[in-house]
Amino acid sequence: MAEQFYPYTGATNPTAYEHWNECTDPGYLLEKLMWEIAPIDGKMVLDVGAGSGFQTVRYAGKAFRVFAAEPDPRMLRQIYLRLAKNDLANVSVMAASAEEITLPSDSIDVAYARFAYFYGTVESLPGLREIQRILKPGGHFFVIDTNPDQGQFGKLARQIYPDIYTPTYVEERADFYKGHGFERFEVDTVIRAPDRDTLREILKLDFAENYEEVLSAVEGNEISYSLSVYHFKE
């Protein structure tokens, strides 16, 4: 999956990746949706493709325990650095991809994958089966993806990466997840940077050499961003 749109962007520029996490969905609309469906207070939670552990640490404030699964050594280093700065006894880190989670069956209440591994294609089936194995009865799994049909960020992503974000991108993934027992939600949010320079650094992560073209299409320090959220209940 390394060629997909989010190929561990934070591995080469941790500072910009931190800005990306801090500035994306500042109103926490995604979290509000997920936690309304599946509250994590006192629960066992799995962060699939945890990246730098930004969400892991946030969610650890509510959950009983959070397991951060991340296969990239460069990102694992960032997770450990983050944990060293936070006094958290309820976070466990696993050097693992989605298809090789070593947790016992029926052990997780809520799992989520944010722009990681699960791209709505048959290649993600091994990971999907593994997550379903470790979910408790009544457990929940959320997959979060960019929606290129809505929001300025997604539409620009389709413009820059037409081979990835094809006209049928959303439809194909919605059909895939529906066929595997998921329901779909949409979250309309924003990426809101404190200034243009920070927004430029954020856009560099996703748009590489095309970031100036994207930045020129954005007014001010904010860009609208729509997310497709796929939800599975065991």
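Beta-bridge orientation, the chain: approximately 50 percent antiparallel, per DSSP, counting only bridges with both partners inside. For T189, the residues 5 or more places off, or on other chains, whose built amide H falls under 5 Å of its own are Y225, S226, L227.
Working from label points 7 Å from Cα in the Cα-to-Cβ sense, the L88 to N13 distance is 2.5 nm. The helix-only estimate of mean residue ellipticity at 222 nm for the chain, built from DSSP H runs of length n ≥ 4 each weighted as -39500 (n - 2.57), is -11000 deg cm²/dmol after division by the residue total.
Can you work out the FRET efficiency for the pair Q132 and D188, with r the C-beta to C-beta distance and R0 = 25 Å, to the nearest 0.05? That pair, Q132 with D188, gives E of 0.30. Solvent exposure of R82, expressed as accessible area, is near 40 Å², computed with a probe of 1.4 Å over the protein chains only. Shown in residue order for segment 38-54 are the 3J(HN,Hα) couplings computed by the Karplus curve 6.51 cos²θ - 1.76 cosθ + 1.60 at θ = phi - 60°: 9, x, 9, 4, x, 9, 8, 10, 10, 9, 8, x, 5, x, 8, x, 4 Hz (x for Gly and Pro). Modelled this way, with points 7 Å down the Cα-to-C-beta line, the labels at K178 and A95 are 4.2 nm from one another. Could you tell me the accessible area of R74 in Å² (1.4 Å probe, neighbours in place), rounded to the nearest ten? Per-residue accessible area (R74): approximately 120 Å². Coupling constants for segment 167-178 follow from the phi torsions by the Karplus curve (6.51 cos²θ - 1.76 cosθ + 1.60, θ = phi - 60°), and in residue order they are x, 9, 3, 5, 4, 5, 6, 4, 5, 4, 5, 4 Hz; glycine and proline get x. Rounded to the nearest 10 square angstrom, K233 shows an accessible area of 120 square angstrom against a 1.4 Å probe. Using only the Cα atoms of segment 70-185, build the gyration tensor, take square roots of its eigenvalues as a ≥ b ≥ c, and label the shape rounded, prolate or oblate: rounded if a/c is under 1.5, else prolate if a/b is larger than b/c, else oblate. Verdict is oblate for segment 70-185. For the chain, with all protein chains in place and a probe radius of 1.4 Å, 50% of the accessible heavy-atom surface sits on carbon or sulfur. Amide H to amide H distances under 5 Å link A111 with L46, H140, F141, F142, where only residues 5 or more positions off or on other chains count and H is placed in the peptide plane.
Working note: Karplus 6.51/-1.76/1.60 with θ = phi - 60° gives segment 138-152 the couplings x, x, 10, 9, 10, 10, 10, 9, 6, 9, x, 7, 9, x, 5 Hz, where Gly and Pro are set to x.
The values are calculated or read from the model by the stated rules, or taken from the named source; none is laboratory data. Keep in mind the model is a prediction, meaning the values are calculated, not measured. Every residue, glycine as well, gets a Cβ built from its backbone with ideal geometry; the counts of neighbours run over all protein chains shown. What goes into the accessible areas is simple: the full protein's heavy atoms, side chains included, and nothing from ligands, DNA or RNA. Shrake-Rupley method; radii C 1.70, N 1.55, O 1.52, S 1.80 Å.
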